[in-house]
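Enquirer: Would you mind keeping the following structure in view while I ask a few things?
The values are calculated or read from the model by the stated rules, or taken from the named source; none is laboratory data. Keep in mind that this is a model prediction, so the values were computed, not measured. Cβ atoms come from the backbone with ideal geometry, glycine included; neighbour counts cover every protein chain shown. Please note that ligands, DNA and RNA were not included when accessible areas were found on the heavy atoms of the full protein model with its side chains. Shrake-Rupley method; radii C 1.70, N 1.55, O 1.52, S 1.80 Å.
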Amino acid sequence: TYVVTVNVLKSNEKKIVSFKITSISPEVVGTIDETNKKINLIVPNALEVTALAPVIQVSEGASVSPASGTAVNFTAPVNYQVTAEDGSQQNYE
């Protein structure tokens, strides 16, 4: 009898790859500045930004908080934390 141990490496990928506001027309797609870890959105002046729920895609196996689809107040910068499978984290503003 042989015992085989398999170590599965968990990914350390923790990027926001897509950030959109799809609840308005036309939808707003965020520009991701990977160097500075910032996401910029240009929205219409009359848009109420106190409860927008962005649709966020992150690296495969990663998660983001606040979660995709969660309504957030964008009257001030918002921090998003992406957690990789291996538990490492990256913040975006």
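Enquirer: Dipole magnitude of the chain about its Cα centre, charges +1 at Lys/Arg Cβ and -1 at Asp/Glu Cβ only, in debye to the nearest 20? Can you show the working numbers first?
Expert: Working: 6 positive and 9 negative charges, 13 e Å.
In debye, rounded to 20, the chain gives about 60.
Enquirer: Next up: Express in Å², to the nearest 10, the accessible area of Val3 obtained by rolling a 1.4 Å probe over the protein heavy atoms while all chains stay in place.
Expert: Roll a 1.4 Å probe over it and Val3 shows about 130 Å².
Enquirer: Which order do Tyr2, Tyr80 take when ranked by solvent-accessible area (1.4 Å probe, heavy atoms of all protein chains), largest first? Each step should come with its number before you reach the end.
Expert: Details: Tyr2 210, Tyr80 5 Å².
Descending order: Tyr2, Tyr80.
Enquirer: Sticking with this structure for a sec: Using only Cα atoms, locate the centre of the range 10-43 and the centre of the range 44-74, then give the distance between them in Å, rounded to an integer.
Expert: 9 Å
Enquirer: Go through (1) 12.0, 34; (2) 16.7, 71; (3) 12.1, 37 and flag the label whose value is the computed Rg and Dmax of the Cα atoms in Å for this structure.
Expert: Entry (2).
Enquirer: Could you calculate the contour length gain from Val49 to Val72, that is, 0.36 nm times the residue separation minus the distance between their Cα atoms, to one decimal place in nm? Could the numbers behind the result be given before it?
Expert: On the way: separation 23, 0.36 × 23 = 8.28 nm, distance 0.82 nm.
Going from the current span to full extension adds 7.5 nm.
Enquirer: Would you mind telling me the share, in percent, of accessible area of the chain contributed by carbon and sulfur at probe 1.4 angstrom?
Expert: Numbers: 3110 of 6330 Å².
Ligands and nucleic acids excluded, carbon and sulfur reach 49 percent.
Enquirer: Determine the per residue accessible area of the range 19-83 with all protein chains present and a 1.4 angstrom probe, expressed in square angstrom. Walk me through the numbers on the way to the answer.
Expert: Values: 3920 Å² over 65 residues.
Counting only protein heavy atoms, the per-residue value for the range 19-83 is 60 Å².
Enquirer: So for Asp86, Asp33, what's the accessible-area order with a 1.4 Å probe, most first? Walk me through the numbers before you get to the answer.
Expert: Numbers: Asp86 75, Asp33 50 Å².
The most accessible residue leads, giving Asp86, Asp33.
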